[in-house]
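A short write-up of the structure that comes next.
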Amino acid sequence: EENGSGSICSLKQSITGSPFCFLVGLGGETEKGNERMITIKRVSLDIPRGRRILAVSDIHGHVHFLKKVLEKAGFCEDDELIIDGDIIEKGPYSLETLRYVMELDKKPNVHVISGNVDSWQLELIGSREPERTRALAEFIRTAKKRWGGSLFLDFCEEMGIGHPQTEAETAAAREKVIAHGQAELKFLSELPSIVEAGNFIFVHSGLPERWEEMDGQEATPVLKFDDFRNRGGSFDRCVVAGHWPVCLYRHEVAEFNPFFDRNKNIISIDGGCGLKRDGQLNCLIIPDAEGTMEEVSWTSYGGFPEMTAVDSQQERKARISVQYTDNRVELLPGQSPGAGLVRLRHLTTDTVLDVPEDYLYERDGTLRCDDFCDYHMEVKAGERVELVETGAMGSLIKKNGVSSWYHGRLE
């Protein structure tokens, strides 16, 4: 899955004969038969009044984005920083990002939480079970092409060994990776899954019912709670979660700014960094741990160049928003919408749409369309916008965290 990187399953590792077993312990361990199960651990912080809390999540191997957004937020030793999971994968610099976060974590004011992708990699790397070896081999075959690298491949490159091509080569390389990357893997294995600070609770994906009673239980429910805002409950304290890109909560426009659900007391902060072509890394700014959601602000970094719009454009509301949770399409033959474009039918809504041909891909034998929204925002001549890409549809731009197609000139 795009956001889940597959299932983290039960997050169990075999004790017998595994050099990795000492690493397993995502905030705690319990034994179940001959297996050791990764469990939930909560950490409570006592933060002085008036001390800022900065929160980022879903960095996904984009260490340069993390540095930039912390710079924009003015992060310093007088702040508390919470990194809310998914440090690695789906980006080009997983190992560099992980080591940078490990250095940050040496400071007493930095607190790192595990994410489902972090834990999933521990499972794939640490298990000798044949199905895990197959999954790891399949993953690394696509990771370099799709995201520019992976933690496992970064270790291989650092050790000077070639990228494994077969399951047997993957199994052999894994033994070397485990020995070489003990410090990094141990760091990931020991991360807590929930951090509480005053009126705020930080968790990677969400909190199920009766979560306060789940210490020591399997960690999956808080690491991979898909669509948390729509499926979860409401809370007395503000829950800050990542995991589910915020654009998936919005259907009228493609917006990547943090989503504030004041009815449920939830703030979702995953800006789609590394997952969405127009995503960004958000940094939540909480002025006081004893404060409220109303006092919270944010900044973000997307890495896109700023341009000036030469021509004005009137707003045109979206007719369709295709998201990866419902993106099955059918190619309509004999259609010629224009060079570089293809005409599709969205199977669920029966909507016919034209999209750039590079938005198409296959999964599970089904043709699918990358996230696509045909929204056209109002643009005034002379406005500054961010340029995501230019192609057959015109220019994909962003303004104030919202994506739009633009058909004017940029300079």
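What the table shows:
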| quantity | calculated |
| --- | --- |
| Those residues of the stretch 347-384 which are at positive phi and free of Cβ contacts under 8 Å to residues at least 60 places away in the same chain, in sequence order | 350, 364, 365 |
| Residue count, the stretch 222-254 (criterion: in a loop (DSSP other than H, G, I, E, B) and under 17 Å from residue 271 (Cα atoms)) | 12 |
| Qualifying residue in the stretch 51-69 (condition: in contact with a His (Cβ under 7 Å, 6 or more places away or on another chain), among the basic types (Lys, Arg), within 23 Å of residue 192 (Cβ to Cβ) and not in a helix (DSSP H, G or I)) | no |
| Residue list for the stretch 155-184, restricted to those being over 20 Å from residue 93 (Cβ atoms) and within 25 Å of the chain's Cα centre (by Cα) | 174, 178, 182 |
| Residues being among the hydrophobic types (A, V, I, L, M, F, W, C), in a helix (DSSP H, G or I) and over 22 Å from residue 101 (Cα atoms) - total across the stretch 143-193 | 4 |
| In the stretch 368-400, the residues that are modelled with pLDDT of 95 or more, in contact with a helix residue (DSSP H, G or I) (Cβ under 9 Å, 6 or more places away or on another chain) and not in a strand (DSSP E or B) | 370, 371 |
| Failed item in (1) assigned to a loop (DSSP other than H, G, I, E, B); (2) out of contact with any Phe, Trp or Tyr (no Cβ under 9 Å at 6 or more places or on another chain); (3) touching a residue at least 24 places away in the same chain (Cβ under 8 Å), with residue 108 passing the rest | (3) |
| Out of 237, 262, sole residue that is open to solvent by 30 Å² or more (accessible area, probe 1.4 Å) and out of contact with any helix residue (DSSP H, G or I) (no Cβ under 7 Å at 6 or more places or on another chain) | 237 |
| Extreme residue, farthest from residue 61 (Cα to Cα), among residues of the stretch 121-142 that are part of a helix (DSSP H, G or I) and charged (D, E, K, R) | 131 |
| Count - residues of the stretch 61-86 that are open to solvent by 60 Å² or more (accessible area, probe 1.4 Å) and more than 19 Å from residue 296 (Cβ to Cβ) | 5 |
| Pick from the stretch 284-299, criterion open to solvent by 70 Å² or more (accessible area, probe 1.4 Å) and without any contact (Cβ under 8 Å) to a residue 40 or more places away in the chain, ranking: farthest from residue 53 (Cα to Cα) | 294 |
| Selected residue (criterion: farthest from residue 172 (Cα to Cα)) from residues of the stretch 113-136 that are open to solvent by 10 Å² or more (accessible area, probe 1.4 Å) and free of Cβ contacts under 8 Å to residues at least 40 places away in the same chain | 131 |
| Only one of 295, 362, 330, 383 that is within 27 Å of residue 410 (Cα to Cα) and of a type in the set (Asp, Glu) | 383 |
| Qualifying residues in the stretch 300-330 (those that are touching a residue at least 60 places away in the same chain (Cβ under 8 Å) and among the acidic types (Asp, Glu)) - the one surrounded by the most Cβ atoms within 10 Å (Cβ to Cβ) | 311 |
| Filtered residues of the stretch 265-275 (kept if assigned to a loop (DSSP other than H, G, I, E, B) and either buried (at least 24 other Cβ atoms within 10 Å of the Cβ) or of a type in the set (Phe, Trp, Tyr) (or both)) | 269, 270, 271, 273 |
| Residue that is surrounded by the most Cβ atoms within 10 Å (Cβ to Cβ) [pool: residues in the stretch 163-222 that are under 26 Å from residue 135 (Cβ atoms), among the β-branched types (Val, Ile, Thr) and in contact with a Leu (Cβ under 8 Å, 6 or more places away or on another chain)] | 222 |
| Cross-chain or 6+ apart pairs with Cβ under 6 Å, the stretch 196-209 first and closer than 16 Å to residue 295 by Cα, then outside any strand (DSSP E or B) | 197/47; 197/289; 198/289; 198/290; 199/237; 199/290; 201/237 |
| Among the residues listed as 361, 375, the single one being open to solvent by 50 Å² or more (accessible area, probe 1.4 Å) and among the aromatic types (Phe, Trp, Tyr) | 361 |
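Each row is one residue, and each column tells you yes or no for (1) modelled with pLDDT of 95 or more; (2) open to solvent by 40 Å² or more (accessible area, probe 1.4 Å); (3) of a type in the set (Phe, Trp, Tyr).
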residue	(1), (2), (3)
3	no, no, no
10	no, no, no
15	no, yes, no
22	no, yes, yes
28	no, no, no
52	yes, yes, no
59	yes, no, no
109	yes, no, no
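The values are calculated or read from the model by the stated rules, or taken from the named source; none is laboratory data. Since the model is a prediction, treat every value here as computed from it, not as a measurement. Here the Cβ is made from the backbone with ideal geometry for all residues, glycine too, and neighbour counts use every protein chain on show. Accessible surface is based on the protein model in full, side chains and every heavy atom, while ligands, DNA and RNA are left aside. Shrake-Rupley method; radii C 1.70, N 1.55, O 1.52, S 1.80 Å.
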